[in-house]
Amino acid sequence: MREKKIYDLEYIQKQGLQILIVFDNICRKNKINYSLCAGTLLGAVRHKGFIPWDDDVDVMMTRDNYNKFILACEDNLPDGFFLQTFRTDKLYLNGFAKLLNLEIEAYITETEKMNIKHALDIDIFPVDRCPEKYIYNIFDIVLLSICSALKYSQLKQRANSKIKVITRFISKIIVGIIGTYSINCFEEKVKTKYYMQDCRGSFVSFDTKPPYKWRQKDIYPFSLFDDYDEVEFEGHKFMSIKEKNQYLTITYGDYMQMPPLEQRVPMHNFYYYLEGNDKNGID
């Protein structure tokens, strides 16, 4: 049995920053707007860099910029990099993209056995228009919740009840017949149905929490994505929405308040398999 080694957090952050720089270069070269988001934007504002225990990088971009970025990657990706979407990696589950550095193989427990590319990456979330009022989105949320449940039944997770075991078993059969690619295509149609309409709301958190947990606060004003500036992150300047305070307050409340000590832990714990040469892992 091959030996697993967990990557050192400092190494993960260093390499995540390098991928972010590649991403930023492509966007600036092609005049594509984006923003740091989630914990990465919070880290930029509160720490001028990574939250000390954060082990990933998150960016967001409106759907039109997201589509431009996918096209730009066809000609602008450096050697060793790969844009992972459900179209470029057929068994990939997520409805958002990842920019991978294929030279740094990395796994997480939930997806280790899946036949997809495994490498250090950054997450790229598309932002889609939707009605401003939560009530008008309920039907779409139901559809997206079903898609999410079907897709993520493929992950390696413990089921703590018989109902969950049975539900997951049935879901896996359905996915085996339909395929995750078809589910993702349908999910994308639901997400982008208001693409050409002047809706004032938007979902930023499409894949950061299950759809059935979305509430009114998860619908952000689309006007947040009208204006951009820059923010310092680990000694570099990256793009950000101008209304950072509004976004972070909606997302985290009092975002300058540090969480309890027990919550200050990495979310993913990326690891690799030792192949004779120790890299940057820890026991």
(request) Answer yes if at least one residue in segment 62-69 is in a helix (DSSP H, G or I), within 23 Å of residue 12 (Cβ to Cβ), basic (Lys, Arg) and touching a residue at least 24 places away in the same chain (Cβ under 8 Å), and no otherwise. (result) no
(request) State yes or no: is residue 108 in contact (Cβ under 8 Å) with a residue 12 or more places away in the chain and either under 30 Å from residue 10 (Cβ atoms) or touching a Cys at 6+ places or on another chain (Cβ under 6 Å) (or both)? (result) yes
(message) Of everything in segment 236-257, what is without any contact (Cβ under 8 Å) to a residue 60 or more places away in the chain and among the hydrophobic types (A, V, I, L, M, F, W, C)? Give them in sequence order.
(response) 250
(message) Name the residue that is nearest to residue 125 (Cα to Cα), counting only residues in segment 28-46 that are surrounded by fewer than 21 Cβ atoms within 10 Å (Cβ to Cβ) and in contact with a strand residue (DSSP E or B) (Cβ under 9 Å, 6 or more places away or on another chain).
(response) 33
(message) I'm checking my understanding of the structure. Among residues of segment 47-69 that are farther than 25 Å from residue 235 by Cβ, in contact with a strand residue (DSSP E or B) (Cβ under 6 Å, 6 or more places away or on another chain) and not basic (Lys, Arg), which one is surrounded by the most Cβ atoms within 10 Å (Cβ to Cβ)?
(response) 62
(request) Could you check how many residues of segment 70-86 are free of Cβ contacts under 8 Å to residues at least 24 places away in the same chain and exposed (fewer than 15 other Cβ atoms within 10 Å of the Cβ)? (result) 5
(message) Which residue is farthest from residue 24 (Cα to Cα), if the candidates are limited to segment 118-145 and must be crowded, with 16+ Cβ neighbours inside 10 Å and among the aromatic types (Phe, Trp, Tyr)?
(response) 134
(request) Kindly indicate the residue of segment 91-105 that is over 23 Å from residue 185 (Cβ atoms) and surrounded by fewer than 19 Cβ atoms within 10 Å (Cβ to Cβ) and also farthest from the chain's Cα centre (by Cα) among those meeting that condition. (result) 103
(message) I'm checking my understanding of the structure. Among residues of segment 1-56 that are assigned to a loop (DSSP other than H, G, I, E, B) and touching a Cys at 6+ places or on another chain (Cβ under 9 Å), which one is farthest from residue 101 (Cα to Cα)?
(response) 33
(request) Hey, could you check segment 106-141 for residues that are under 27 Å from residue 172 (Cα atoms) and among the β-branched types (Val, Ile, Thr) and say which is farthest from the chain's Cα centre (by Cα)? (result) 138
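None of the figures in this text is laboratory data; all of them are computed from the coordinates on show. Everything numeric in this text was worked out from a predicted model, so none of it was measured. A quick note on method: Cβ atoms are made from the backbone with ideal geometry, for glycine too, and the neighbour counts reach across all protein chains shown.
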